[in-house]
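**Student:** Let me give you the structure first, and then I'll get to my questions.
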Amino acid sequence: MTLTSELIWQDQQHQVLFELIDEIKADNVDVSIFVRLNDYAEHHFCLEEAYMKALDYPDYEAHLSAHNKFRSELQKMLDDHHNYDQQLRDMLSDFLGEWLKRHIFGVDKKLEAYILNSSVK
Ligand SMILES: [Fe+2]
Ligand SMILES: [Fe+2]
């Protein structure tokens with residue numbers, strides 16, 4: 001077995017999330033991008049949460065509420081604005097991208113280290 005210094009699944013899923021968030025800025029984007037982003041984020045968050053539960057992760061509650069914050073921001077976007085102009089889409093994309101960067105380099109890094117130090121990967 002080879003030891004890796006990073007969690008491949010976590011890294012790859014973050015990459016997809018960034019790509020989806022970038023797509024919000026594209027020309028002719030419609031509300032389906034928010035639906036796809038929502039579905040993928042849900043899939044990713046649920047996986048991290050499953051690992052945290054399985055490992056009795058000490059910061060579970062704080063990490064979960066960070067995910068819930070993203071969930072509710074995204075839900076607001078889905079509910080409130082069906083006609084996004086370019087300026088608004090740029091703003092939403094930047095906002096979600098910044099949030100994700102902070103989350104990944106903060107609490108997700110801690111979780112990654114914790115999982116790598118455990119017997120479950
Ligand atoms: Fe997370
Ligand atoms: Fe994550």
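**Student:** Give the residue, chosen from SER72, SER5, that is in a helix (DSSP H, G or I) and more than 12 Å from ligand 1 (Cβ to nearest atom).
**Tutor:** Going through SER72, SER5 in turn, just one is in a helix (DSSP H, G or I) and more than 12 Å from ligand 1 (Cβ to nearest atom): SER72.
**Student:** Looking only at the stretch 29-39, decide whether some residue is within 16 Å of ligand 2 (Cβ to nearest atom) and without any contact (Cβ under 8 Å) to a residue 40 or more places away in the chain.
**Tutor:** The first filter runs over the stretch 29-39 and keeps only residues within 16 Å of ligand 2 (Cβ to nearest atom), leaving 37-39.
Checking which are without any contact (Cβ under 8 Å) to a residue 40 or more places away in the chain leaves us with 39.
Scanning the stretch 29-39, I find at least one residue that is within 16 Å of ligand 2 (Cβ to nearest atom) and without any contact (Cβ under 8 Å) to a residue 40 or more places away in the chain, so the answer is yes.
**Student:** From LEU92, LEU96, LEU78, which residue is within 15 Å of ligand 1 (Cβ to nearest atom) and of a type in the set (A, V, I, L, M, F, W, C)? Outline the logic, then answer.
**Tutor:** Working: LEU92 fails: within 15 Å of ligand 1 (Cβ to nearest atom); LEU78 fails: within 15 Å of ligand 1 (Cβ to nearest atom).
Within the list LEU92, LEU96, LEU78, the selection yields LEU96.
**Student:** Continuing with this model, one more query. I'm trying to understand the selection: among the residues of the stretch 8-26, which are of a type outside the set (Val, Ile, Thr) and part of a loop (DSSP other than H, G, I, E, B)?
**Tutor:** LYS25, ALA26
**Student:** If you don't mind, another one. For the stretch 76-90, which positions are exposed (fewer than 13 other Cβ atoms within 10 Å of the Cβ) and part of a helix (DSSP H, G or I)? Full working, then the answer.
**Tutor:** Taking the stretch 76-90 as the starting set, the residues that turn out to be exposed (fewer than 13 other Cβ atoms within 10 Å of the Cβ) are 76, 79-80, 82-83, 85-87.
Once the filter is applied, which keeps residues that are exposed (fewer than 13 other Cβ atoms within 10 Å of the Cβ) and part of a helix (DSSP H, G or I), the stretch 76-90 yields LYS76, ASP79, ASP80, GLN86, GLN87.
**Student:** List the pairs whose first member sits in the stretch 50-73 and is under 17 Å from ALA113 (Cβ atoms) and among the aromatic types (Phe, Trp, Tyr), whose second member is within 15 Å of ligand 2 (Cβ to nearest atom) and part of a helix (DSSP H, G or I), and whose Cβ atoms are under 6 Å apart, counting only residues at least 6 apart or on separate chains?
**Tutor:** So the pair list comes out as TYR51/ILE115; TYR60/MET52.
**Student:** Kindly evaluate ALA50 against the criterion of being under 16 Å from LEU100 (Cα atoms) and modelled with pLDDT of 95 or more. Give the steps one after another, and end with the answer.
**Tutor:** Values: under 16 Å from LEU100 (Cα atoms): no; modelled with pLDDT of 95 or more: yes.
Against the criterion (under 16 Å from LEU100 (Cα atoms) and modelled with pLDDT of 95 or more), ALA50 does not qualify.
**Student:** Go through the stretch 27-66 residue by residue and tally those that are surrounded by 11 or more Cβ atoms within 10 Å (Cβ to Cβ) and either assigned to a loop (DSSP other than H, G, I, E, B) or in contact with an Asp or Glu (Cβ under 7 Å, 6 or more places away or on another chain) (or both).
**Tutor:** Of the residues in the stretch 27-66, 8 are surrounded by 11 or more Cβ atoms within 10 Å (Cβ to Cβ) and either assigned to a loop (DSSP other than H, G, I, E, B) or in contact with an Asp or Glu (Cβ under 7 Å, 6 or more places away or on another chain) (or both).
The values are calculated or read from the model by the stated rules, or taken from the named source; none is laboratory data. Quick caveat: nothing in here was measured; it's all calculated off a predicted structure. Every residue, glycine as well, gets a Cβ built from its backbone with ideal geometry; the counts of neighbours run over all protein chains shown.
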